[in-house]
């Protein structure tokens, strides 16, 4: 029989099993923590590592045109190794054997999904794809998606990190764009101009991407951060959906 979603002993602490795989959510020293990186699959992280490695290699080649590219080359290569180590970590976690012992419950991870502390308990949507467990008196730290039930004790911190990453992407795009413009203005060499234009384009893409992600950040906040208000009452006529 497959283990249901719960906290199980793993290593020196507890780790969350979502019903089909291990996650990066753990309990260490009696409190919920999260791995330094977590993902459902390592493949996207390996792809990101490869893309940043290629970008770093290209910028190393471009150092001959401008010393500035050494800075971006080091940055891209560092990001490549970051995603590589992250992918290897995620793969290691996913390869841990499935739990065979009984779930472990401690006060630090309660209330758990299914625990009721009042009337009207249930799963309530907090976004179009995510629902959160309401105990009847308070929100829990657990959400439900098509991927399974996941704890969100890390949610507020993850959201702050997400904002920081989006800000870095935007700033990097602006930096590359400015650098490309400076190189283009200061040189009349055709090859250098080609590189400068390419740098400006890449910078513009990153700047726009970061800006769009920052604009959409409120949508990312909903599934990560516990709502500050109770859910809307259920509407029986709508089949249990929140009344509007």
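Worth pointing out:
- Residue among 143, 137 that is at pLDDT 90 or above and in a loop (DSSP other than H, G, I, E, B): 137
- Count of segment 170-191 residues, restricted to those that are surrounded by fewer than 17 Cβ atoms within 10 Å (Cβ to Cβ) and touching a helix residue (DSSP H, G or I) at 6+ places or on another chain (Cβ under 7 Å), is 3.
- Residue that is nearest to residue 221 (Cα to Cα), among those in segment 121-134 that are in contact with a strand residue (DSSP E or B) (Cβ under 8 Å, 6 or more places away or on another chain) and assigned to a loop (DSSP other than H, G, I, E, B): 126
- With respect to the stated conditions, residue 213 is touching a helix residue (DSSP H, G or I) at 6+ places or on another chain (Cβ under 6 Å), outside the structural domain of residue 120 (by TED's automatic domain parsing) and at pLDDT 80 or above.
- Wholly enclosed helices (runs of 4 or more DSSP H) of segment 153-233 bearing at least 1 residues over 26 Å from residue 76 (Cβ atoms): 155-186, 217-224
- Filter result for residue 147 (outside the structural domain of residue 33 (by TED's automatic domain parsing), surrounded by 19 or more Cβ atoms within 10 Å (Cβ to Cβ) and out of contact with any helix residue (DSSP H, G or I) (no Cβ under 9 Å at 6 or more places or on another chain)): no
The values are calculated or read from the model by the stated rules, or taken from the named source; none is laboratory data. Just so it is clear, the model here is predicted, and its values are computed rather than measured. Cβ: placed from backbone, ideal geometry, glycine included. Neighbour counts: every protein chain shown.
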